[in-house]
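The values are calculated or read from the model by the stated rules, or taken from the named source; none is laboratory data. It should be emphasised that the depicted structure is a prediction, and the values quoted were computed from it without experimental measurement. Here the Cβ positions follow ideal geometry from the backbone for every residue, glycine too, while neighbour counts run over all protein chains shown. Note: accessible area is taken over every heavy atom of the protein model, side chains too, but ligands, DNA and RNA are not part of it. Shrake-Rupley method; radii C 1.70, N 1.55, O 1.52, S 1.80 Å.
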Amino acid sequence: MDARAARGLQINHGTGNSQINNFAQPSLEDDLRNLSVRDIESAFGEFCKRDHDRQVYLLSEYPRSEELVNLICARNGHDKCAGLLYGMAADRVMQRLGQLESAHRTEVLKRLAFRLATDPERAPARLREYAAENRGRTAHLLYSITRLHDVPERARTFIAVSLLPGPEFVLELPDDSATVLLKSFLFRYGPASADGDRRLIPSLTREGPLLLEQLVALNAERVTELLMPLDASMIAACVRHVRMRFARRILQAASLDFADRYREILEKLPRPMTSALLGEMTATARSRAGALAGWTTGWPWIDACLTSLTYAAPVLRRLVQRGDLRLPAAAVRQEIREIWRAAASHVVRDGRYYRRQRNHLAISTVVLLTALVAAIVLR
């Protein structure tokens, strides 16, 4: 006879009775049946007596799990609930999250996000499984990682982006969710306000440019659509920090479907950069840019130098970064050549215009030399 079946059985030996007791835990099936016939309060009491692994199983399979999971949050706390969910299969995790009351769900998602952020070995596989079950809640988990207070600020975005189940995950989300998640990946937090709140600012994270280039390569129109709800200064920061060919694709898409925002974005960019970007875009895009498309000093090499200076910071930043974020030296050289060519190629080549520029420069030189001589003599 199995010892579990003999638990509590009385056996007669002549005139006396002998009680056989087995204090081991009941089988999983017995335990689940025991909880299923009890009222929720009694079931919760029995549930709390079990060890962690047994609780994971019971919460995963208990038929009245909606009542039980909310009671665990209310009585044992959100971290306890998150710990139990983290040990479950992805389909059960998403089911139990759906059963939580909205206030509990938000807090449990934060605790789950922390567990993912601090579990580099298992977290990537878990995120892929979660994404296959429910993209919306997985996006919320990734967003929560970027907002964690228990993880160093510079590491949050790196962890969230490294856990992303491919760049296409962002593009396949509904518009609002995709924009919120993309914004949290791309931008840094500013200083804390008087009430302690911190808002995202138009300064890209280390991971932002590479991720944005990957997304644009997949679907520039979709990326542009997701960027449009953002402030124009944020979109301009994105255009400034990606390589020129990706920036052109964003602006080209904006010129076709978001004409008003297109002009607003261009106005936030340095004029040399704007002219260089517009130089190889369609005639329609240039015409919709208006006067912003025609900026030039009239001297190709000066235009090229000024444009190169506007790109100096983002190019150097990509060059000195480490790992996958680093832009190879060959790619940097190609980008610099493209910047120089784009800046110099759109200048109006008018002989009379250049003669006037030469005369102005000569007159300015004479005036400066005269002033210098006068200053020396008078001294």
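Flag set for M244, criterion: touching a Phe, Trp or Tyr at 6+ places or on another chain (Cβ under 9 Å) and among the hydrophobic types (A, V, I, L, M, F, W, C). Quick check on my filter: what residues within segment 275-297 are among the charged types (D, E, K, R) and either surrounded by fewer than 17 Cβ atoms within 10 Å (Cβ to Cβ) or under 13 Å from R248 (Cα atoms) (or both)? Result: E280, R286.
Only one entry in L218, L230, L210 is under 16 Å from the mean Cα position of the chain (by Cα) and either under 20 Å from P174 (Cβ atoms) or not hydrophobic (A, V, I, L, M, F, W, C) (or both), namely L230.
Residues checked against (1) open to solvent by less than 20 Å² (accessible area, probe 1.4 Å); (2) part of a loop (DSSP other than H, G, I, E, B):
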site: R50; (1), (2): no, yes
site: R54; (1), (2): no, no
site: L59; (1), (2): yes, no
site: L71; (1), (2): no, no
site: K80; (1), (2): no, no
site: G83; (1), (2): yes, no
site: M88; (1), (2): yes, yes
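Looking only at residues of segment 140-183 that are under 19 Å from V108 (Cβ atoms) and of a type in the set (G, A, S), we find that the one that is nearest to the chain's Cα centre (by Cα) is A160.
With respect to A113, determine if the residue is open to solvent by less than 10 Å² (accessible area, probe 1.4 Å) and either among the basic types (K, R) or in a helix (DSSP H, G or I) (or both). Spelling it out, A113 is indeed open to solvent by less than 10 Å² (accessible area, probe 1.4 Å) and either among the basic types (K, R) or in a helix (DSSP H, G or I) (or both).
Let's see how each residue does on (1) among the acidic types (D, E); (2) in a loop (DSSP other than H, G, I, E, B); (3) closer than 19 Å to I145 by Cβ:
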| position | (1), (2), (3) |
| --- | --- |
| K183 | no, no, yes |
| A194 | no, yes, no |
| R198 | no, yes, yes |
| I201 | no, no, no |
| R206 | no, yes, yes |
| E213 | yes, no, no |
| L230 | no, yes, no |
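Picking from L218, L182, L211, L186, which residue would you name as being touching a residue at least 40 places away in the same chain (Cβ under 8 Å), surrounded by fewer than 17 Cβ atoms within 10 Å (Cβ to Cβ) and within 30 Å of M244 (Cβ to Cβ)? On inspection, the qualifying residue turns out to be L218. Of all residues in segment 90-107, those being open to solvent by less than 10 Å² (accessible area, probe 1.4 Å) and within 20 Å of the chain's Cα centre (by Cα) number 0.
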